[in-house]
Amino acid sequence: MEKRKDVSGDGKRGLNSSFAAGVAALVFLIIGYQAALFIHKASVLKILERRDAPDTVFVIDKALAAAVLKPLPEEKREASVKNVRGKEAYVVKKEAAHSPEIAAVRKKAAPKSVENFRFNPNTVTVEDLVRLGFTERQAASIDNYRSKGGVFRRKSDFAESFVVADSVYERLEPYIDIPLTDLNLADSAAFDRLPGIGGYFASKMVEYRQRLGGSYSYKEQLMDIYRFDREKFDGLSDLVAVGAGNVRPYPLWTLPADSLKKHPYIGSYAARGIVLYRENNPKSAWTVEALARAGVLKPGMADKLGRCVIAEP
């Protein structure tokens, strides 16, 4: 009977040889890629190194130098006085004609001008981000973050973006303009985007605004909302505002009792008392402080109502 050959050892040796060959091929591939990058970079640097030499013309005669420069646009005229072999020479730099390939390399390598202007990182265009000094890839990264729902609520949020270098942020920080959320203009969706709010409190913020007569008078009124505590308020107080031109004065001195009682600082008892006070006192005495002295308003509610914008009697 023919004995079976033990090929297990040979198989392992074959596997090890294949693995080693694969690793060697991968190493050579990496080295080749790196070499190609090096050669490409060296070629680009060579083109840039020779950028000025072919375009520089030495002219001894001043009149001739002026004649050479005259046809050129103002921004391309460049000449300087230089001592050449004991004589005064005019070194005139004149851009020569170049192949499209070299022109493309020069354009790509040319330093880009950086601009500073006010911008909102949540709405600034990709083109304007490039104008601000970001590369096209960095600008696209910021835009991609926004398209996925990312929001820069504060300047510090923009600084924490991984494509925003510290030096770039220091230059742009004075120009970052992120509008505050106006409590009297925002809808529930805008409130929902505030940190720590969510859909429940967003709807409550809109609802409470209506109970106040259609507008907030000061942002601390948010803490009157049930379970809207100081911690939640501190987390967004620097992101919200009450624009003076967007406050609707509360018509305290003209509303009937059934409307007054809906205000969170008044209620049914004080609403009837306000109507009686108006009927029995001259307009010159119609003040929130007078209502408090008369016992119509509770001290705590009088203080809150006193901070509200009240329509003139």
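The values are calculated or read from the model by the stated rules, or taken from the named source; none is laboratory data. What you are looking at is a predicted structure, and each value in this text was computed from that prediction instead of being measured. Please note: Cβ atoms are built from the backbone with ideal geometry, for glycine as well, and neighbour counts cover all protein chains shown.
Determine, yes or no, whether residue 168 is closer than 30 Å to residue 192 by Cα and hydrophobic (A, V, I, L, M, F, W, C). So residue 168 fails the test. Checking the condition in a loop (DSSP other than H, G, I, E, B) and over 44 Å from the mean Cα position of the chain (by Cα), which residue from 291, 276, 297 passes? Every option except 297 fails the conditions. Would you please name the residue that is surrounded by the fewest Cβ atoms within 10 Å (Cβ to Cβ), looking only at residues in region 224-253 that are in a loop (DSSP other than H, G, I, E, B) and in contact with a Pro (Cβ under 8 Å, 6 or more places away or on another chain)? Once the filter is applied, the top-ranked residue is 235. Report yes if residue 265 is surrounded by fewer than 17 Cβ atoms within 10 Å (Cβ to Cβ) and not hydrophobic (A, V, I, L, M, F, W, C), otherwise no. So residue 265 fails the test. Of all residues in region 187-223, those that are β-branched (Val, Ile, Thr) and either part of a helix (DSSP H, G or I) or touching a Gly at 6+ places or on another chain (Cβ under 7 Å) (or both) total 1.
Reported count of residues in region 125-173, each being part of a loop (DSSP other than H, G, I, E, B) and either assigned by TED's automatic domain parsing to the domain that holds residue 238 or surrounded by 15 or more Cβ atoms within 10 Å (Cβ to Cβ) (or both), is 8. Going by the conditions given, is residue 118 at pLDDT 95 or above, surrounded by fewer than 17 Cβ atoms within 10 Å (Cβ to Cβ) and either more than 30 Å from residue 229 (Cβ to Cβ) or small (Gly, Ala, Ser) (or both)? It is true that residue 118 is at pLDDT 95 or above, surrounded by fewer than 17 Cβ atoms within 10 Å (Cβ to Cβ) and either more than 30 Å from residue 229 (Cβ to Cβ) or small (Gly, Ala, Ser) (or both).
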